[in-house]
Every structure is written in C-alpha cells, then in structure tokens.
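Participant: For reference, the structure I am asking about is given below.
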Amino acid sequence: MKFSFLVPAYKSHYFRKALLSILSQNYDDYEVIVSDDASPENLKEIVDEIKSSKIHYHRNKHNIGSFHLVTHWNQLLSMANGEYVIVAADDDIYEPNFLVEVERLMAKYPETDLIRARVRHIDMQDETVWEDALYPEFQDELSAICAYSTTCIGNYVFKKKKLLAKGGFVDFPYAMGSDNATVMLMAKNGMVNSKEVLFNFRISDIQVSHASKNKKIDKGKMLSEIQFHYWMKDLMDNLEYDPNKLNLSKVQEFYNRRIKGGLLYCSKMYYGALNFREFTRVFKALNDIGCFGRTIDKVMFFLDYLRSKKMYK
C-alpha cells in the first residue's frame, strides 16, 4: 500500500464532500481510515452510503480529539498500512490529481520524507478566499523551517517509517503547534512543494475558534503555545546549517518573527484567562527571551491583559 489517508472525523456537515474528494483521486493505491471520534452525528451512515472498499471505518468509544487531538492522529497512524500518510480533516477538499502529483514529486526527490501540497482557502460555499504562495519546488531543512508555511496538517504527506522513528506526530496539549512541529522535524531531508494547488482548506463558522472563553481550556492552550515556541527556539539553537549571510538572515528573522512575535501573538490571544501571578510568570518568560523592545511595549502588554480579562467575567 502506497498511501493512507487518516481521517479523524467528528462533524458531518462537509464529511461526505471531504470523503468523496479523497475517493475521486486519479490514482488507485491508497486506503482511507476513518476514525469516528464518538461523534453525536451519524458518520457511519455516510460511510455506508458511499460504499467504498477503500474506506476502513472505526469508532472511538469516547471522544479524545477535543483535548487530545494528536493522540487521535497517532492512533490513526498506528492503523495505517501505507508507506506514506496524510491526515485529512472531515471538511477539507483534495483535488483529483493530489496523489498523482505527490507521487511524481516523490520519484523526482526520493530522499525527502515530506511533501507539501500548495493550498487555497475556501469558504462554506466552496468559493476561493485565499491562495497560497508559490514556494521553491525543493527546500533544504533550514529554508523549509524558516518558511513556516504550515496552514494546517492536511496538505502534507509524511513518510510513515520516518515519522514513526521520530515518535509520531509531535504532541502538544490541544495540538497547539503540533502540525508545525511535526513538519519541522520531518524536514531533515528537505521538503518538496507542489506548484499546483492540490488542497482546499475549509474556513467555516462551525470550526472551533482559538479562544474558547473557557478559563481552563484557554489557559491550557496558552501554556501549550508557550511550550511550542520554546521548542522551536531549542530546535533552531541546535540546528546545523551553513552560517553564511543569507542563512543567518533567515534565522534572525525566524527568531524575531516566529519565536518572539509568535509568543506575543499567542499570549495576547489567551492571557485574559490567567490570574495575576500566572500573568507575571508569562511576562517574565517573554521579557527574558527579548519579546519587548521598549518600556511602552511592556506597559501596553500589561494594559491589554487587564482589558482581556473582561472576556472571562
């Protein structure tokens, strides 16, 4: 078996359309493993109506994806028979030539463990609202990491053997940064990008938003985001690369934009859920890593925190 689509499923609204896009591939050597995450909706009825021998249906006894999404991904990974795996959502759409083009790129770059399909965003009516940049067909490890091109995990194809050797999908609580971290780890032998748009990422109002306004959940998400950003810092601190001017520039921009800037961004999204003692610990961590350039930035960070606490009253 060449490819395994891993489908952690919960929502039924676009589920049929998502499955049919996978089954419409102009390619035959693949399987589709659907893991119904104890959905209250009848996903099995949709699977049964489609009647495809490529689909292997499994239902979890209890929902695990709400808090342990990556555990669900790794559960599916353990079921896969393919040499390569794709984590497919229950609402995104694959173009019919997705696997054909992926296999062509694999044949051209046999040493890589990671293929990235170019992406477009679609709305609830399948209208295009955004289209991905065109990346170089091959990027070395440093370039792939610094590009930070992850939209979601569904447009990536991973070599299963190498992914398992690295411990599977990187598991941060609430999957905060897990897609990015997994891609970065798998880029050791470079990353190959398609020129064609092969994947459609769904933007809809039934998706779970980042900030839930639940103190416990949002506090957990924030701590996970901080863990992920420090994980990225450790990765970059220990990455081996040619220290020429271009590479040093890429790394410096990554530190400033993705690590420092990312920490500030995710903190402001969730820090209203923190009590003052927790906030001061986060503030100190961000200050130590150099997130605040001026005194006014520190003052504004504090004032924004006070305003954001109103979300949780």
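Participant: Looking only at helices (runs of 4 or more DSSP H) that fall completely inside the range 1-97, which ones have 1 or more residues that are closer than 28 Å to Leu223 by Cβ and in contact (Cβ under 8 Å) with a residue 40 or more places away in the chain?
Facilitator: 65-79
Participant: Next up: Contact list please: Cβ distance under 9 Å, first residue in the range 255-269 and touching a residue at least 12 places away in the same chain (Cβ under 8 Å), second residue acidic (Asp, Glu) and surrounded by 15 or more Cβ atoms within 10 Å (Cβ to Cβ), pairs at least six apart or on different chains.
Facilitator: Cβ pairs passing all conditions: Gly262/Glu225; Leu263/Glu225; Cys266/Glu225; Ser267/Glu225; Met269/Asp218; Met269/Glu225.
Participant: From the residues in the range 59-84 that are farther than 25 Å from Asn180 by Cβ and open to solvent by 40 Å² or more (accessible area, probe 1.4 Å), which one is farthest from the chain's Cα centre (by Cα)?
Facilitator: Step by step, filter the range 59-84, then rank; the result is Lys61.
Participant: Does Arg307 satisfy the criteria of being over 28 Å from the mean Cα position of the chain (by Cα) and basic (Lys, Arg)?
Facilitator: So Arg307 fits the description; yes.
Participant: If we scan the range 167-178, do we find a residue that is surrounded by fewer than 19 Cβ atoms within 10 Å (Cβ to Cβ), free of Cβ contacts under 8 Å to residues at least 60 places away in the same chain, out of contact with any Phe, Trp or Tyr (no Cβ under 8 Å at 6 or more places or on another chain) and more than 22 Å from Lys108 (Cβ to Cβ)?
Facilitator: Among the residues of the range 167-178, at least one is surrounded by fewer than 19 Cβ atoms within 10 Å (Cβ to Cβ), free of Cβ contacts under 8 Å to residues at least 60 places away in the same chain, out of contact with any Phe, Trp or Tyr (no Cβ under 8 Å at 6 or more places or on another chain) and more than 22 Å from Lys108 (Cβ to Cβ), which makes the answer yes.
Participant: Continuing with the same structure: Please list, ordered by first then second residue, the pairs with beta carbon atoms under 6 Å, 6 or more apart or interchain, first in the range 102-115 and among the acidic types (Asp, Glu), second open to solvent by 10 Å² or more (accessible area, probe 1.4 Å).
Facilitator: Glu111/Asn189; Asp113/Lys159; Asp113/Lys162; Asp113/Asn189
Participant: Check Lys213, Lys219, Lys284, Lys313 and return the single one that is open to solvent by 20 Å² or more (accessible area, probe 1.4 Å), more than 20 Å from Thr182 (Cα to Cα) and touching an Asp or Glu at 6+ places or on another chain (Cβ under 9 Å).
Facilitator: Working: Lys213 fails: touching an Asp or Glu at 6+ places or on another chain (Cβ under 9 Å); Lys284 fails: touching an Asp or Glu at 6+ places or on another chain (Cβ under 9 Å); Lys313 fails: touching an Asp or Glu at 6+ places or on another chain (Cβ under 9 Å).
Unique residue meeting the criteria: Lys219.
Participant: Being closer than 29 Å to Pro110 by Cα, surrounded by fewer than 22 Cβ atoms within 10 Å (Cβ to Cβ) and touching a Ser or Thr at 6+ places or on another chain (Cβ under 7 Å) is the requirement here; does Asn189 meet it?
Facilitator: Yes, satisfied.
Participant: From the list Arg118, Arg104, which residue is within 19 Å of the chain's Cα centre (by Cα) and more than 25 Å from Met236 (Cβ to Cβ)?
Facilitator: Values: Arg104 fails: within 19 Å of the chain's Cα centre (by Cα).
Just a single option satisfies the conditions, and that option is Arg118.
Participant: Also: Sort out which residues of the range 1-58 are open to solvent by 60 Å² or more (accessible area, probe 1.4 Å), more than 23 Å from Thr71 (Cβ to Cβ) and not polar (S, T, N, Q), and write them in order of number.
Facilitator: Taking the range 1-58 and keeping what is open to solvent by 60 Å² or more (accessible area, probe 1.4 Å), we get 1, 10, 13, 16-17, 20, 26, 28-29, 40-42, 44-45, 48-49, 51, 53, 56-58.
Then keep just the ones that are more than 23 Å from Thr71 (Cβ to Cβ); that gives 1, 13, 16-17, 20, 26, 28-29, 42, 45, 48-49, 51, 53.
Met1, His13, Arg16, Lys17, Leu20, Asp28, Asp29, Glu45, Asp48, Glu49, Lys51 - these are the residues of the range 1-58 that are open to solvent by 60 Å² or more (accessible area, probe 1.4 Å), more than 23 Å from Thr71 (Cβ to Cβ) and not polar (S, T, N, Q).
Participant: Which numbered condition in (1) assigned to a loop (DSSP other than H, G, I, E, B); (2) of a type outside the set (D, E, K, R); (3) over 24 Å from Tyr14 (Cα atoms); (4) in contact (Cβ under 8 Å) with a residue 40 or more places away in the chain is the only one that Met186 fails?
Facilitator: (1)
Participant: Please go through the range 232-250 and give me each residue that is hydrophobic (A, V, I, L, M, F, W, C), out of contact with any Asp or Glu (no Cβ under 8 Å at 6 or more places or on another chain) and open to solvent by less than 60 Å² (accessible area, probe 1.4 Å), ordered by number.
Facilitator: Met232, Leu235, Met236, listed by residue number.
Participant: Of a type outside the set (Phe, Trp, Tyr), open to solvent by 30 Å² or more (accessible area, probe 1.4 Å) and free of Cβ contacts under 8 Å to residues at least 12 places away in the same chain - does that describe any residue in the range 159-166?
Facilitator: Within the range 159-166, one or more residues are of a type outside the set (Phe, Trp, Tyr), open to solvent by 30 Å² or more (accessible area, probe 1.4 Å) and free of Cβ contacts under 8 Å to residues at least 12 places away in the same chain.
Participant: Then there is this: Which one of these is under 30 Å from Ser308 (Cβ atoms) and not acidic (Asp, Glu): Asn200, Asn180, Asn155, Asn189?
Facilitator: Asn180
The values are calculated or read from the model by the stated rules, or taken from the named source; none is laboratory data. Fair warning: this is a prediction, and the values are worked out from it, not measured in the lab. For neighbour counting, all protein chains shown are included, and Cβ atoms are generated from backbone atoms with ideal geometry for every residue, glycine included. Side chains are part of the model used for accessible areas, which takes the heavy atoms of the whole protein and leaves out ligands, DNA and RNA. Shrake-Rupley method; radii C 1.70, N 1.55, O 1.52, S 1.80 Å.
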